[in-house]
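The structure under discussion appears below in the form of structure tokens.
The values are calculated or read from the model by the stated rules, or taken from the named source; none is laboratory data. All values reported here derive from a predicted model rather than from experimental measurement. Reconstructed Cβ throughout: ideal geometry from the backbone, glycine too, with neighbour counts over all protein chains shown. Side chains are part of the model used for accessible areas, which takes the heavy atoms of the whole protein and leaves out ligands, DNA and RNA. Shrake-Rupley method; radii C 1.70, N 1.55, O 1.52, S 1.80 Å.
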Amino acid sequence: MSIASILFAALFYLAAITLAGGLAYRIADYARTPAPLKIPTTPAPTTTGGVVFRMAREVFLFESLFKSNLWIWLFSILFHFGLALVLLRHLRYFTEPVWSWVVLLQPFGTYAAFPMVIGLAGLWARRFLVERIRYISTPSDHLMLALLLAIGLSGLSMKWLVHTDVVALKTFFLGLMRFDVEPLPASGLLYLHLGLVATLMLIFPFSKLLHAPGVFFSPSRNQVDNPREKRHLAPWAAEMEK
Amino acid sequence: MAAEITAPAYRVIPIVPALKPDAMEGVKPFVASEKIQDALGFPGTLPDDWHERAIAKMGELLKKYRSLKVYLDACVHCGACTDKCHYFIGTQDPKNMPVARQDLLRSVYRRYFTLPGKLFPKLVGARDLTKEVLDEWYSYYHQCSECRRCSVFCPYGIDTAEITMAARDILDAVGYGQKYSNEIIGKVHTIGNNLGLPGPALENTMEGLEEDVKEDTGIDVRFPIDVQGAEVLLITPSADFFAEPHIDSLIGYAKVFHAAGVSWTLSSMSSEAANFGLFIGNYEQMRKVALRIRQAALDLGVKRIIVGECGHAWRVAYSFWNTLAGIGAGADDPYALMLQKQLDQRHKQPTHICEYTWDLIQRDALKFDKTKNDHLVITFHDSCNVARASRMGDEPGGQFDIPRNIIRAVANNFVDMDENTIREKTFCCGGGGGLLTDDLLDLRVKGALPRMEALQAVVDSHGVNYLAAICAICKTQFSKTLPYYGFNMRMIGGVHQLVSNAIILENKQ
Ligand code: SF4
Ligand code: SF4
């Protein structure tokens, strides 16, 4: 067993625990914090079903962004949907036998890395080219894009340039899922790719990547517009009436 | 501040302007005096331990408001909101871009409340809270009218207004309040309205109005006050009692009530729809102001509460009264039920005056001579709080359609402005959110730019000569800023002013 295998096994356990634990904590924290006032951005749906539909449009179509800025919308859609397909495709390394719908996705998932990388490059270019966005960008905004782009490019290189032993790789990950460390193929590019992914998982719960769970908790989007029909009262506000 | 205030030039094509860093640096409204602060229970001046107090207050708000917490975490700096704020468009100061405005607070939040900000402040744009930062907050959080335009365009619905309110609440908690808003809230607590108009003065004004309308129309239209057992309690911004053009809409409401044959009343104890507690982001103050209305409704035993033309007041009434004071429906606690049982629940509580008038029009209960408005070519300015923070009628978007429907029912010439400047995308008048004070006039003139551009376009293409609005702040702001852009200040008026022009009245017993 190589040292690298053991190190990466440890790293991925740590990353998985941090990601799951960190996100669970954040989500619990958001859920626990009351929204004392009705503040949906109107016009807003007047029923729960309507709110689900509104949220779905935000999450799957980026509706507000579409209204706002077509360039950002385009690059974001390319990136996020590319990433989603790529992630789903990667399920093949964690399932045996591979789920049939993952098999079906395989050809799309393989090419989805291209729009993903193009989207990221577009978003990053805007941080340099558009004065307003250059002004608001912090070093971490750049680093985050660099990280994602490096993950995409290293993955693409392994697919198209320097092949990795994916069978052995799969054995490694299936092993991890049984709490069993199998040998990881020795490949610099693979180490890089995996190291970056683990980094991303580690920083996720502490960074602006919290927009992923955050969008579901945004009161301006997830509230039903019915303040006249139903009294809405936060526990701390109810105290004042005692 | 420039010695002479002038309007910025129209953009040739409405493109996004180039940045002018620090163009509005140091622009700020007068700070509240100790006396004003005391009256609201805020510290009078900056205490020695202001730093600890400010951080503690931020921590408290983060626990109380999910909006604040989620919005501070979720922003990805995508930049979609950067060109959406009228104050940015008018001033070109990058700190008036919504996300940059949020970052003034977010940077401090990161430093004291998040791990990366504690460990690597530079990397994530975190910074210490210093007196300079506090001054910057005071300046730029008073260059936001809390209009929510940015929240429409943000992929996560991040509402800079929520951040501004939190910042102002923190500022008040360390004795750094704004004179204009806090002085007004004090007047409401002691006298019952923003203007500090006492009951007898109000009665005089109402009697005067009865005489004026009698002279004008020959009809005995009543302006009742403190009438026990009236059906309707009218809560309207106090500017309606004396300011131009506001008063003409008050006359409009009275004529509608007259034509409908309904008994109504004002309350001298609670003669204000405006609630500046919203502007300073303070729940307790906002609640205290709203409680006067609850009290008036209980005291007078009314069945129905109707709210006059006022933007943020309608937001508070529609969205918050039920929460703050149990004025609405659907409660199961004894506190709220006390009033909710008294109110006639066949009607929406509260009702906007436009909902009321439109309902009568639909039932053919009002008669109009539309030609009385033929000298006018009318356009409608959606007020931000009505447009993006409330509703009228049963359908989402009723807040856009109902006022326009009324205008079309009482006048022949109506035209809308550019679709990117109306309805949910409407531009603020430039004077909302507690900024309607002369010490911010320069900002107000600049902030009006996008609305003035859109207005100019319909003036040129259709000869528009009447800008209708249903907000007391919009009316005052436009009266003041229209001339800077070469328009007649009398172009601005209310929707019920048009109703008043056209309505056909009969004498009632
Ligand atoms: S709420 Fe309105 S004034 Fe404030 S930042 Fe957003 S767009 Fe600008
Ligand atoms: S649109 Fe929303 S997420 Fe994007 S920069 Fe503005 S506030 Fe942040």
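Annotations
- Test: residue in the range B:99-107 that is open to solvent by 20 Å² or more (accessible area, probe 1.4 Å), part of a helix (DSSP H, G or I) and small (Gly, Ala, Ser): no
- Looking across the range B:453-472, the residues that are surrounded by 21 or more Cβ atoms within 10 Å (Cβ to Cβ) and more than 16 Å from ligand 1 (Cβ to nearest atom) come down to B:LEU455, B:VAL464, B:TYR466, B:LEU467, B:ALA468, B:ALA469, B:ILE470, B:ALA472.
- For the range A:42-51, the count of residues that are surrounded by fewer than 17 Cβ atoms within 10 Å (Cβ to Cβ), within 25 Å of A:LEU153 (Cα to Cα) and either in contact (Cβ under 8 Å) with a residue 40 or more places away in the chain or in contact with a Lys or Arg (Cβ under 8 Å, 6 or more places away or on another chain) (or both) is zero.
- Of the residues B:ASP212, B:ASP216, B:ASP159, B:ASP169, the single one that is more than 16 Å from ligand 2 (Cβ to nearest atom) and within 14 Å of another protein chain (Cβ to nearest Cβ) is B:ASP169.
- B:ALA387 being in contact with a Ser or Thr (Cβ under 6 Å, 6 or more places away or on another chain), open to solvent by less than 50 Å² (accessible area, probe 1.4 Å), touching a residue at least 24 places away in the same chain (Cβ under 8 Å) and not assigned by TED's automatic domain parsing to the domain that holds B:SER151: yes
- Qualifying residue in the range B:86-103 (condition: over 30 Å from B:VAL16 (Cα atoms), within 14 Å of chain A (Cβ to nearest Cβ) and either within 16 Å of ligand 2 (Cβ to nearest atom) or touching a helix residue (DSSP H, G or I) at 6+ places or on another chain (Cβ under 7 Å) (or both)): no
- Index of the failed condition, B:THR371 passing every other in (1) touching a Leu at 6+ places or on another chain (Cβ under 9 Å); (2) part of a helix (DSSP H, G or I); (3) among the hydroxyl-bearing types (Ser, Thr, Tyr); (4) away from every other protein chain (no Cβ under 11 Å): (1)
- Failed item in (1) assigned to a helix (DSSP H, G or I); (2) more than 9 Å from chain A (Cβ to nearest Cβ); (3) within 16 Å of ligand 2 (Cβ to nearest atom); (4) of a type in the set (D, E, K, R), with B:LYS118 passing the rest: (3)
- Residue identified as within 16 Å of ligand 1 (Cβ to nearest atom) and aliphatic (A, V, I, L, M) among B:VAL124, B:VAL133, B:VAL152, B:VAL108: B:VAL152
- Residue count for the range A:189-242, restricted to those that are within 30 Å of B:ALA290 (Cα to Cα), open to solvent by 20 Å² or more (accessible area, probe 1.4 Å) and part of a helix (DSSP H, G or I): 8
- Selected residue (only one of A:LEU61, A:LEU78 is more than 10 Å from chain B (Cβ to nearest Cβ) and either within 16 Å of ligand 1 (Cβ to nearest atom) or under 20 Å from A:LEU209 (Cβ atoms) (or both)): A:LEU78
- Among (1) open to solvent by less than 10 Å² (accessible area, probe 1.4 Å); (2) touching a strand residue (DSSP E or B) at 6+ places or on another chain (Cβ under 8 Å), the one test that B:ASN413 misses: (1)
- Verdict on B:SER268 being buried (at least 22 other Cβ atoms within 10 Å of the Cβ) and touching an Asp or Glu at 6+ places or on another chain (Cβ under 9 Å): no
- Checked against (1) among the β-branched types (Val, Ile, Thr); (2) more than 10 Å from chain A (Cβ to nearest Cβ); (3) surrounded by fewer than 23 Cβ atoms within 10 Å (Cβ to Cβ), B:VAL76 meets all criteria but (2).
- A single entry from B:LEU40, B:LEU46, B:LEU62 fulfils the requirement of being more than 30 Å from B:GLY157 (Cα to Cα), touching a helix residue (DSSP H, G or I) at 6+ places or on another chain (Cβ under 7 Å), more than 16 Å from ligand 1 (Cβ to nearest atom) and not assigned by TED's automatic domain parsing to the domain that holds B:ASP442: B:LEU40.
- All positions within the range A:28-53 that are under 21 Å from B:CYS154 (Cα atoms) and more than 10 Å from chain B (Cβ to nearest Cβ): A:VAL51, A:VAL52, A:PHE53
- Top-ranked residue in the range B:348-373 [being within 24 Å of A:ASN226 (Cα to Cα) and of a type in the set (Asp, Glu); ranked as least open to solvent (accessible area, probe 1.4 Å)]: B:GLU355
- Here B:ALA336 fulfils each of the conditions (1) at the interface with chain A (Cβ under 10 Å from one of its Cβ atoms); (2) crowded, with 21+ Cβ neighbours inside 10 Å; (3) outside any helix (DSSP H, G or I) apart from (3).
Conditions tested, residue by residue: (1) open to solvent by 10 Å² or more (accessible area, probe 1.4 Å); (2) among the acidic types (Asp, Glu).
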| residue | (1), (2) |
| --- | --- |
| B:GLY125 | yes, no |
| B:ASP128 | yes, yes |
| B:TYR138 | no, no |
| B:TYR141 | no, no |
| B:ARG148 | no, no |
| B:VAL152 | no, no |
| B:ILE158 | no, no |
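- Just one of the numbered conditions (1) assigned to a helix (DSSP H, G or I); (2) away from chain B (no Cβ under 12 Å); (3) hydrophobic (A, V, I, L, M, F, W, C) is not true of A:TRP73: (2).
- Being within 16 Å of ligand 1 (Cβ to nearest atom), at the interface with another protein chain (Cβ under 7 Å from one of its Cβ atoms) and surrounded by fewer than 22 Cβ atoms within 10 Å (Cβ to Cβ) is a property that holds for B:ASP83.
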